[in-house]
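Notes to accompany the following structure.
Bear in mind these aren't lab numbers, they're just calculated from the coordinates by the rules spelled out. Please read all numbers here as calculations on a predicted model, not as lab measurements. Cβ atoms come from the backbone with ideal geometry, glycine included; neighbour counts cover every protein chain shown.
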Amino acid sequence: MSKKRIIEIIEIIFLVVFVVVLFKIYKGKDFNNFTLSEKNMGTSVFTRDNEQKYNNKASYNIESPDYNDAMFYESIQVKKDTPYKVTCMVKTADVESKNKSDGSGAQISVEGTTDRSMAISGTTDWQQIEMIFNSKNKETVNVGFRLGGYVDDCKGKAWFSDFKIEEGKKEENTEWKFACFIFNTLSTTVNGENLNYTLSNTDISDIQSTIKRFENAAKTLSGDKMTASCDIYKKDTPINTLTYDEEYGYYVAPETIENQIKDEIASHDYDHIFIIFKLDDKEVKDWVGLGSMDYYGVGYSNIRLSNKARNYLYKYDSRINRFPEEVFLHEFLHSLERTLKEYDYEIPALHDNEKYGYKNELAEGLKAWYTDYMTSNIKAGDKLIGLDPIVYKLKPAKESNFIESQNLGNVFYEPQNIFQEIAQIFEKAKRNIGNMFKHN
Ligand SMILES: [Zn+2]
């Protein structure tokens with residue numbers, strides 16, 4: 001071989017090595033069709049990891065040395081009012097949240113909403129997590145794989161793999177299933193003060209008969225547009241965490257009692273959750289019920305028993321209180337109100353009773369208002385307004401919607417071999433050049 005030929009071969013070898021190295025660097029940062037996003041820019045590092053993998057492909061790693069809310073997401077075209085289920089595998093190392101919040105960690109979420117999967121913290125091996133959500137009025141959603149959350153920032157490392165999305169079929173019935181968790185005891189410390197509240201036997205029997213009345217009221221006041229069936233679970237393990245809110249004071253957030261309710265919820269596909277407990281008036285800012293919250297998309301309300309000795313709030317009495325189920329109904333209606341707003345319906349606010357001439361009546365409370373609200377019979381000029389009857393069909397997305405699901409294979413696309421990878425590089429380059437011209 002001539003000297004010239006040898007030099008040529010060496011040059012080619014160098015070129016190949018150079019391209020391979022470039023390709024490796026590129027692959028180490030390639031997040032396919034995902035967009036990277038951070039609350040505090042430049043805090044987290046996003047890499048593809050060939051060491052920690054669940055299958056033969058490099059996993060997607062987010063590393064946050066400092067507290068941050070970081071995610072990579074894909075914009076997905078969805079059909080309106082349709083249930084979707086997103087799953088992935090996740091592994092974590094030393095994940096912790098800034099304020100020890102249970103709802104933050106490694107998770108799947110829909111950007112800009114409260115929809116999310118379970119949040120994984122600490123150091124854990126590969127496990128599957130899932131997020132179920134309804135697209136409501138949206139046609140595009142950003143589905144993200146996230147280290148952090150809307151409740152709190154996180155630090156640590158998280159690896160994600162095996163992304164999958166399924167489209168389900170929604171339920172069309174108007175039979176609502178409620179889970180009512182009666183917590184016997186609340187025992188916690190707030191600002192150095194010990195709080196201990198236990199329900200009496202009378203409290204429990206009052207609540208049980210109030211729940212029965214609620215089932216009946218939901219059906220009657222809606223003009224038979226829905227039915228309500230309630231399962232009651234008595235919980236002996238105390239509530240030991242309260243969450244503070246500037247506007248409402250202390251309350252029981254869904255993520256703080258998740259371990260006590262998750263099994264019942266997972267096995268029954270409930271449409272709404274009531275958490276019932278006793279807490280003194282001085283710990284809250286003037287509320288007996290608190291609603292509009294959700295537990296993985298399922299409506300979630302607090303029902304509070306006061307610590308006062310004589311209290312007729314949840315006790316039927318023909319002279320004092322003929323509508324003891326009012327708090328339950330009110331909080332449930334907040335969830336329906338929230339749902340219709342999320343579907344972009346124009347409806348009167350649940351608290352606007354006085355604006356339409358409805359007053360709190362002795363022994364009957366706001367029963368007339370709720371009746372007209374639920375049946376859309378509130379007079380507003382020459383129109384009748386209230387909840388649109390469609391709301392009784394807008395139940396939350398749930399596991400049983402996915403018995404016959406459709407896998408959306410083109411979403412979260414990952415190249416399967418070297419040829420697809422090269423094709424994708426050209427595809428992206430073409431797109432970027434196209435975007436360059438669009439900007440000019
Ligand atoms: Zn309210």
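Tabulated data for the structure shown
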read-out	value
Estimated vicinal HN-Hα couplings, Hz - the range 200-208 in sequence order (Karplus 6.51, -1.76, 1.60; Gly, Pro = x)	7, 4, 5, 3, 5, 6, 4, 5, 4
Cα long-axis angle, helix 418-439 against the chain (0 to 90 degrees, to the nearest 10)	70 degrees
Charge context of Gly42, other residues only, Cβ under 14 angstrom, K/R +1, D/E -1	-3
The range 245-286 versus the range 71-88: alpha-carbon centroid distance in Å	27 Å
As computed over the range 237-366, the Cα convex hull volume per residue (Å³)	137 Å³
Interchain or long-range residues, amide H under 5 Å from Glu130's placed H	Met118
Using alpha-carbon coordinates, inclination of helix 326-342 to the longest axis of the chain, degrees	30 degrees
Descending Cα extents along the principal axes, the range 1-156, whole Å	71, 37, 29
Nonlocal amide H pairs with Thr82, under 5 Å, H built at 1.01 Å	Ser135, Lys136
Relative frequency of Cα-Cα separations exceeding 18 Å in the range 14-79, percent	51 percent
Largest-first ellipsoid semi-axes for the range 291-355, taking √(5λ) over the Cα gyration tensor eigenvalues, angstrom	27, 16, 9
Coil-residue trypsin sites (Lys or Arg not before Pro) of the range 324-384, DSSP, other Cβ within 10 Å capped at 16	Lys359
Cut-off under 5 Å, modelled amide H: who pairs with Leu305 long-range	Phe277, Lys278, Leu279
Largest-first principal axis extents, alpha carbons of the range 175-393, Å	56, 40, 33
Neighbour cut-off at most 12 other Cβ (10 Å), DSSP loop, trypsin sites (Lys or Arg not before Pro), the range 2-105	Lys79, Lys80, Lys100
Non-local Lys pairs in the range 116-246, i.e. 8 or more apart or on different chains, that have alpha carbons under 29 Å apart	29
Table column - 3J(HN,Hα) (Hz), the range 282-293, Karplus curve with 6.51, -1.76, 1.60, x for Gly and Pro	6, 7, 10, 9, 6, 9, 10, x, 9, x, 6, 9
Over the chain: Kirkwood hydrodynamic radius from C-alpha pairwise inverse distances, Å	24.8 Å
Antiparallel DSSP beta bridges within the chain, as percent of all bridges there, nearest 5	75 percent
Phi to ³J(HN,Hα) by Karplus 6.51 cos²θ - 1.76 cosθ + 1.60 over the range 264-280, Hz, x for Gly, Pro	5, 5, 4, 8, 10, 6, 6, 9, 7, 10, 10, 10, 10, 7, 10, 7, 5
Sites matching GluC sites (Glu not before Pro) across the range 80-152 that sit in DSSP coil, with at most 12 neighbouring C-beta atoms within 10 Å	Glu139
Helix-only [θ]222 nm of the chain, DSSP H runs n ≥ 4, -39500 (n - 2.57) each, per residue, nearest 500	-8000 deg cm²/dmol
The range 64-176: radius of gyration and largest Cα-Cα distance (Dmax), Å	14.6, 48
